[in-house]
Amino acid sequence: MAIVDVTVIPLGTNDPSVSKYVADIQHILNNYEKEGSIKYQLTPMNTIIEGELSTLFEVIKAIHEAPFAKGVQRVATNIRIDDRRDKNTTMEGKLESVQRHLNEE
């Protein structure tokens, strides 16, 4: 499994707020999660998505296209991928690992 940090940025909108575009993207992610394809977590600055790498690329394409469907003419999408192949990692597992180190201090 891979973990992706993704930020979709609609450019040239009439309003500086992009929360309505973020909400549209969360609906798309929710549908993928209901199918059991991914897990995701919204943060104040981005969205973290966990799943098989091929599925994540499909999801990224879908959420990148979402603002265009709302009339936006330009979208910048930032992607960071954590794809560890020596063991299965999850969002929760990564946080638990850090917490174990904090507890050892």
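What follows draws every value from the coordinates through simple rules; no lab data is involved. The model shown is predicted, which means the values in this text are computed figures rather than measured ones. Reconstructed Cβ throughout: ideal geometry from the backbone, glycine too, with neighbour counts over all protein chains shown.
Taken as a whole, the condition of being part of a strand (DSSP E or B) and farther than 21 Å from Met1 by Cα applies to Val75.
Within the stretch 70-94, the residues that satisfy the criterion of being surrounded by fewer than 10 Cβ atoms within 10 Å (Cβ to Cβ) and either touching a residue at least 12 places away in the same chain (Cβ under 8 Å) or at negative phi (or both) are Arg85, Asp86, Lys87, Asn88.
Looking across the stretch 3-19, the residues that are touching a strand residue (DSSP E or B) at 6+ places or on another chain (Cβ under 8 Å) and part of a loop (DSSP other than H, G, I, E, B) come down to Gly12, Val18.
I need a count of the residues in the stretch 1-17 that are of a type outside the set (S, T, N, Q) and more than 18 Å from the chain's Cα centre (by Cα). Don't jump to the end; show me each part of the working.
To start, the set of residues in the stretch 1-17 that are of a type outside the set (S, T, N, Q) comprises 1-6, 8-12, 15-16.
Of the ones still in play, those that are also more than 18 Å from the chain's Cα centre (by Cα) are 11-12, 15-16.
Counting residues in the stretch 1-17 that are of a type outside the set (S, T, N, Q) and more than 18 Å from the chain's Cα centre (by Cα) gives 4.
Among the residues of the stretch 53-74, just one is under 22 Å from Lys87 (Cβ atoms) and over 13 Å from the mean Cα position of the chain (by Cα), namely Ser54. Looking across the stretch 20-52, just one residue is under 16 Å from Ile3 (Cβ atoms), hydrophobic (A, V, I, L, M, F, W, C) and in a helix (DSSP H, G or I), and that is Leu29. Can you name the number of the only condition in (1) within 23 Å of Tyr21 (Cβ to Cβ); (2) surrounded by 11 or more Cβ atoms within 10 Å (Cβ to Cβ); (3) touching a residue at least 40 places away in the same chain (Cβ under 8 Å) that Glu65 fails? Unmet condition: (3). So which residues in the stretch 23-58 are in contact with a Ser or Thr (Cβ under 8 Å, 6 or more places away or on another chain) and free of Cβ contacts under 8 Å to residues at least 40 places away in the same chain, if there are any at all? Those that are in contact with a Ser or Thr (Cβ under 8 Å, 6 or more places away or on another chain) and free of Cβ contacts under 8 Å to residues at least 40 places away in the same chain: Gln26, Leu29, Tyr32, Ser37, Ile38, Tyr40, Met45, Thr55.
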